[in-house]
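What follows is a set of notes on a single structure, which appears directly below.
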Amino acid sequence: MSAGSPREGQAQAPAPQDRGPAGNGGLSRISRATHLKEALLRNAFLVCACVAVAGVTLIFVFVGYQGWPIFAKLGIGEFLGGRVWYPTKGLFGILTLVVNSLLAMAGGLVLGAPLAVGTAVFLSEVASPRVREVTRPAVELLAGIPSVVYGFFGLVLLRPIIARVFGGLGFGLFTVWVILGVMIVPTIATLTEDALRSVPEGIREASYAMGATKWQTIWRVLLPAARIGIIDAVILGMGRAIGETMAVVMIAGNAPVIPDSIFKPFLTLTTVIVMDMPYASGDHRTALFGVAIVLFVISMIFVASIRVISRSRGEGD
Amino acid sequence: MRRRSRVVLLLAGLVALAMTAGCSVGGPAQQKLTVTGSTTILPIAEASADMYQAAHPGTRILVAGVGSSQGIESVSQGTSDIGTSSRELAPEEKKLGLVDTKIALDAIAVIVNPSNPVRALTMQQAAAIFERRITNWSQVGGHDMPIGLVNRDEASGTRDAFSKIVLKGRDFDRTAAVLPGTGQVRAVVTESPGAVGFISLGFVDRGVKAVAIDRIRPTEATVADGTYPISRVLHFFTKGQPKGLAKAYIDFVLSTPVQDAVVRDAGFLPIDKALK
């Protein structure tokens, strides 16, 4: 990638100059066939974009349509604020699940974000090109591992170790934090690395010229300069952590209570859908769609906050 | 490669055509049997239906798992020929004129880690453990070690039966780990010294220890003679005495090959021992 892009840049650079005068003078000389091809291409890309938008809209409408009755029946307060999730007794309060999801996400972030930012700093500032050649694909590969494999790894390898060291069964927040911490590394690390690379070289040189050490340059100059990109990266990592399902369902233990210890089983917003969907019916099923709506809204909040932060950067500059 | 597969497809199509033609013209009308009810019994009913259909072309056995109550209701209303049930008939259902054929036994073993010195529990102790009124193994004669509860998900027929027989309908402890399969419960108990769970007796292996309940060890003999308390009988109900295809299918399910292979594979125990 990095080797290819400058060369492409050089090849393309003269192109506008060539086309410029011809374009100005020869607009009428474009053949009808070319014109048609251009229009077709433009519409093809429009269709691509529309499919994505239609997909999101369709899912939102469907989930909303299926899940809305539970809000209407219980009221938003009782559904979101109810502390007992006990479907067979007709109790559909999801506060416990919301709290558990946030706990799982927060812990994963505390472990994963520093690891990811450290990895990004290493890749962008410290590693020699040869080391980078090996490290970067490894980090990218981490993103390609299916989440069920993370879950299996957590269940079969990590959980027994945690059970032996800390007692209990090994299901719980701690196990989930470790797995989520590793899972969000590639998301945050690649975006943070991009942010660090986009810091102009002149700023680094200025810092060194003033006698700053490498550590001082990274800590006092580069990380602050790239901070908005890093915050974006971390928010995307949060989205990944709170939406993660397969890996979590295998190691969380799925007890519908707020755990009194980080080594006790717990159930989250995503895992309740996996656990209950096969047999849920009636209000229970509707409530699961209600949970999906809540997840949808949470991820919308994340996307919106990235937008707001990016905009504030634009104004700041 | 592609051409050959097309030829095969064509041949298959011709054979299928010939078979349907043969049926509609020469052979007898296709016989149909509908079997609905318990999801616990579904694996037995399905596997034996497949075997029966393979051995008797021209028969079609439809099997559906809709729950025991639904099964009893549909057979009494005549919408299905056999209603399968993992529970006995309720008093008002006994007036419906249903004939009971017992087809298998299901026993649930309370399993602990082999390193756990606890060998026996009373029914009350077992219930107290799963309700978390007892939280340490030392309270039931074991080491001073916290009890790690492993429960099944609510879709599980085993959980349903355990809850009815042991807890008498009271609630499981809500902080227990909930795992979506027998294999997972067994694996966790195999690895964790303090864990306790429950699985069908047919799935107990060397990695776990099944404890005695009320001094009765869960074995095929104690289940068959009815002394092991956490067990139940699996039923086929028919409206009146079974006849025709229904009788043939039930006899097939009760035959030794099915009882020894299908029933055991599904984690249950054959009925023939109990009948003798």
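The values are calculated or read from the model by the stated rules, or taken from the named source; none is laboratory data. In this text the structure is predicted, and so the values were computed from the model without any measurement. Note: ideal-geometry Cβ built from the backbone for every residue, glycine included; neighbour counts use all protein chains shown.
Test of understanding: among B:ALA49, B:ALA104, which residue is in contact with a strand residue (DSSP E or B) (Cβ under 7 Å, 6 or more places away or on another chain), at pLDDT 90 or above, in a helix (DSSP H, G or I) and surrounded by 19 or more Cβ atoms within 10 Å (Cβ to Cβ)?
B:ALA49
Exactly one condition in (1) touching a Pro at 6+ places or on another chain (Cβ under 7 Å); (2) assigned to a helix (DSSP H, G or I) is not met by A:ALA255; state its number.
(2)
When segment B:192-213 is examined, which residues are found to be outside any loop (DSSP other than H, G, I, E, B), within 13 Å of chain A (Cβ to nearest Cβ) and either free of Cβ contacts under 8 Å to residues at least 12 places away in the same chain or touching a Leu at 6+ places or on another chain (Cβ under 7 Å) (or both)?
Of everything in segment B:192-213, those that are outside any loop (DSSP other than H, G, I, E, B), within 13 Å of chain A (Cβ to nearest Cβ) and either free of Cβ contacts under 8 Å to residues at least 12 places away in the same chain or touching a Leu at 6+ places or on another chain (Cβ under 7 Å) (or both) turn out to be B:ALA195, B:VAL196.
Just wondering, is there one or more residues in segment B:21-42 that are assigned to a helix (DSSP H, G or I) and either modelled with pLDDT of 85 or more or assigned by TED's automatic domain parsing to the domain that holds B:VAL189 (or both)?
yes
Report the residue count in segment A:271-313 for those that are modelled with pLDDT under 85, surrounded by fewer than 17 Cβ atoms within 10 Å (Cβ to Cβ) and over 18 Å from A:LEU191 (Cβ atoms).
3
B:ALA248: surrounded by 15 or more Cβ atoms within 10 Å (Cβ to Cβ) and outside any loop (DSSP other than H, G, I, E, B), yes or no?
Considered against the rule, which asks whether it is surrounded by 15 or more Cβ atoms within 10 Å (Cβ to Cβ) and outside any loop (DSSP other than H, G, I, E, B), B:ALA248 comes out as yes.
Answer yes or no: is there a residue in segment A:93-104 that is touching an Asp or Glu at 6+ places or on another chain (Cβ under 7 Å) and modelled with pLDDT of 90 or more. Please lay out each step first, then the result.
From segment A:93-104, those touching an Asp or Glu at 6+ places or on another chain (Cβ under 7 Å) are A:93; that's our starting set.
When the remaining residues are screened for being modelled with pLDDT of 90 or more, the result is A:93.
Yes, segment A:93-104 has at least one match.
So in segment B:161-191, with the set limited to residues that are out of contact with any Pro (no Cβ under 9 Å at 6 or more places or on another chain), more than 10 Å from chain A (Cβ to nearest Cβ) and not in a loop (DSSP other than H, G, I, E, B), which one is farthest from B:GLY207 (Cα to Cα)?
B:LYS164
Select, from B:SER156, B:SER138, the only residue that is surrounded by 22 or more Cβ atoms within 10 Å (Cβ to Cβ), out of contact with any helix residue (DSSP H, G or I) (no Cβ under 7 Å at 6 or more places or on another chain), hydroxyl-bearing (Ser, Thr, Tyr) and without any contact (Cβ under 8 Å) to a residue 40 or more places away in the chain.
On the way: B:SER138 fails: surrounded by 22 or more Cβ atoms within 10 Å (Cβ to Cβ).
It is B:SER156.
For residues that are polar (S, T, N, Q) and surrounded by 16 or more Cβ atoms within 10 Å (Cβ to Cβ), scanning just segment B:115-135, find the one that is farthest from the other protein chains (Cβ to nearest Cβ).
Selected residue: B:GLN125.
Can you tell me which residue among A:ILE242, A:ILE262, A:ILE179, A:ILE228 is under 30 Å from B:ARG152 (Cα atoms) and surrounded by fewer than 21 Cβ atoms within 10 Å (Cβ to Cβ)? Outline the logic, then answer.
Working: A:ILE242 fails: surrounded by fewer than 21 Cβ atoms within 10 Å (Cβ to Cβ); A:ILE179 fails: surrounded by fewer than 21 Cβ atoms within 10 Å (Cβ to Cβ); A:ILE228 fails: under 30 Å from B:ARG152 (Cα atoms).
Testing whether each residue is under 30 Å from B:ARG152 (Cα atoms) and surrounded by fewer than 21 Cβ atoms within 10 Å (Cβ to Cβ) leaves just A:ILE262.
Determine which member of the set A:VAL303, A:VAL291 is away from chain B (no Cβ under 14 Å) and closer than 19 Å to B:VAL178 by Cβ.
On the way: A:VAL303 fails: closer than 19 Å to B:VAL178 by Cβ.
None of the other options fit; the residue is A:VAL291.
Select the helices (runs of 4 or more DSSP H) contained entirely in segment A:113-174, then report the ones holding at least 2 residues which are away from chain B (no Cβ under 13 Å). Break it down stepwise before answering.
Values: elements: A:129-144, A:147-153, A:159-166.
Filter on segment A:113-174 gives A:129-144, A:147-153.
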